[in-house]
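The values are calculated or read from the model by the stated rules, or taken from the named source; none is laboratory data. Keep in mind that this is a model prediction, so the values were computed, not measured. Every residue, glycine among them, receives a Cβ derived from its backbone with ideal geometry; neighbour counts consider all protein chains shown. Side chains are part of the model used for accessible areas, which takes the heavy atoms of the whole protein and leaves out ligands, DNA and RNA. Shrake-Rupley method; radii C 1.70, N 1.55, O 1.52, S 1.80 Å.
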Amino acid sequence: MDDTESTTTSADENTGNLCDNPTRDTLAEGLLGLLKPTVDQLDDRVRATRISQLELKQQIESLNEELQKVRESLNNHPDLDPYVKKLIACKHKVTVVLNVLQASQDRLNEIRRMVNKEKSVRTTVIRDTQSLEPQQSTSGIISDRGSIN
């Protein structure tokens, strides 16, 4: 053998051998058949993810615009503190009036209870005094015999 001759085969020679070998072709087709559905499914999922990301980007941009509008409206809000203080003062006044009315109603209920009690006492006293007084007729005096004179 010469030093110039190579003992190794070139890539072209190996490629030629691959195409001619039916076992290797069958094996390659089998691997391709196994991997192709997975690769296709992965490709579909990547495509769906990209679409979802674009939709999300649009929603984020829309939300950003809405937040800018809210920020602008917050910067232009009227000063509500004086109105809140007025409402608190009114609430305090209403509470005071409510307490006065409640106390007045309690007093009126007590007075009504005392009046009813006094009425019942007077009615009892009047009944007792009427039962103690002799019965008199307005048409005349009754004699001992029960006849009118």
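Couple of notes before you dig in:
- Verdict on SER62 being part of a helix (DSSP H, G or I), more than 27 Å from the chain's Cα centre (by Cα) and without any contact (Cβ under 8 Å) to a residue 60 or more places away in the chain: no
- Contact annotation: residue pairs with Cβ atoms under 9 Å, 6 or more positions apart or on different chains, pairing a residue in segment 22-35 that is part of a helix (DSSP H, G or I) with a partner that is open to solvent by 60 Å² or more (accessible area, probe 1.4 Å), are ARG24/ASN17; ARG24/LEU18; ASP25/LEU18; ASP25/CYS19; ALA28/LEU18.
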